[in-house]
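One structure below.
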Amino acid sequence: MKGLVKVSADQWDEVVQIQEQKKELCGPEQFDLLARAISMELAICFQYLKPTEQVWRQRKVEPYLLYYSLGIWYVVSYDLGARGWRKFALARMKDTEILPLASIHGSTRAARKLADKGMGAFFSAKTEIVKLWLDTKAAWFAGQTPWHPSQKLEARPGGSAVMTLEVSGTQDIVRKIMEWCPDVLVLEPSSLLHEVEQRLRVGQQRHRDRSFEDINLQKPERDRPNQSIRKVIFPKSETKAAGPKPLRRRAKSVRRRLPEASPLRR
């Protein structure tokens with residue numbers, strides 16, 4: 001075959017290097033058990049360890065889909081305790097057992113739809129439209145390695161682009177935006193913009209103060225129009241031109257700042 005390169009076993013270590021990842025706790029037995037539970041449409045129970053907790057807690061769920069994202073295997077399930085869809089990392093599951101309970105709250109199709117809209121470990125039943133501005137470098141990399149299956153890139157003059165995504169939950173995309181700052185700017189929704197701004201301010205303060213304490217960020221504010229971002233990203237022809245204030249209104253504001261005894265206030 002033309003272009004075929006042969007490497008002997010002795011040369012392998014010299015020309016090939018594979019970065020080792022942390023081994024997951026799950027093995028083929030875990031995959032086999034979950035696959036059987038999904039195919040038989042039966043619920044399961046297991047012990048689960050959340051990243052922010054130190055105690056294993058029992059979960060009872062209806063599994064519907066095995067899902068791989070960002071180097072981690074998940075099982076997309078309907079949580080019978082929380083009464084909602086959840087994604088559980090197989091590496092943080094143990095003592096898994098199949099229960100004699102039929103899976104009745106969902107379907108594989110619904111789980112696949114949720115997984116396609118998700119971006120990493122978090123997702124919700126509600127989807128959101130996210131719009132981002134990417135500079136030339138970020139736009140090129142996003143074209144080569146898409147951020148999300150729903151990604152759409154609209155080229156802008158000079159090589160930049162506007163990316164549109166439809167995601168369920170924004171927790172993971174916030175981390176992606178922070179990873180690419182300052183090459184990425186949030187256009188919509190405004191709640192996502194406020195969360196990114198808050199994280200940037202807190203991060204700057206933490207580095208300035210050399211703080212090693214945990215920080216609980218406030219909830220992002222509700223969405224509201226943000227015209228200032230449009231003025232920065234889009235040409236003036238696409239936004240309403242802000243003309244000068246009327247002369248009469250400006251004169252009134254000047255008179256208010258004058259001393260009361262001044263004759264110019266009349």
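Site pair THR145 and GLU213 shows an inter-label distance of 3.7 nm when each label is modelled 7 Å from Cα along Cα→Cβ.
For the range 28-114, the gyration tensor built on C-alpha atoms gives a rounded shape. Its axis ratio a/c (a ≥ b ≥ c) stays under 1.5.
Is the shape of the range 139-212 best called rounded, prolate or oblate, per the rule: a/c under 1.5 gives rounded, else a/b larger than b/c gives prolate, else oblate, with a ≥ b ≥ c the square roots of the Cα gyration tensor eigenvalues? Prolate is the answer for the range 139-212, as a/c is 1.5 or above and a/b outweighs b/c. Spin-label pair LEU99-ARG83: with each label point 7 Å from Cα along the Cα-Cβ axis, the two points sit 1.5 nm from one another. Model label sites at LEU49 and VAL202, defined 7 Å from Cα along the beta-carbon direction, differ in position by 2.5 nm. Calculate the tail of P(r) for the range 71-196: the fraction of all Cα-Cα distances greater than 17 Å, expressed in %. Counting pairs separated by more than 17 Å, the tail of P(r) holds 62 percent.
Taken together, the values in this text are just the output of simple stated rules run on the coordinates, not laboratory data. This is a predicted model, so every value here is computed, not measured. When we count neighbours, we look across all protein chains shown, and the Cβ atoms used for this are built from the backbone with ideal geometry, even at glycine.
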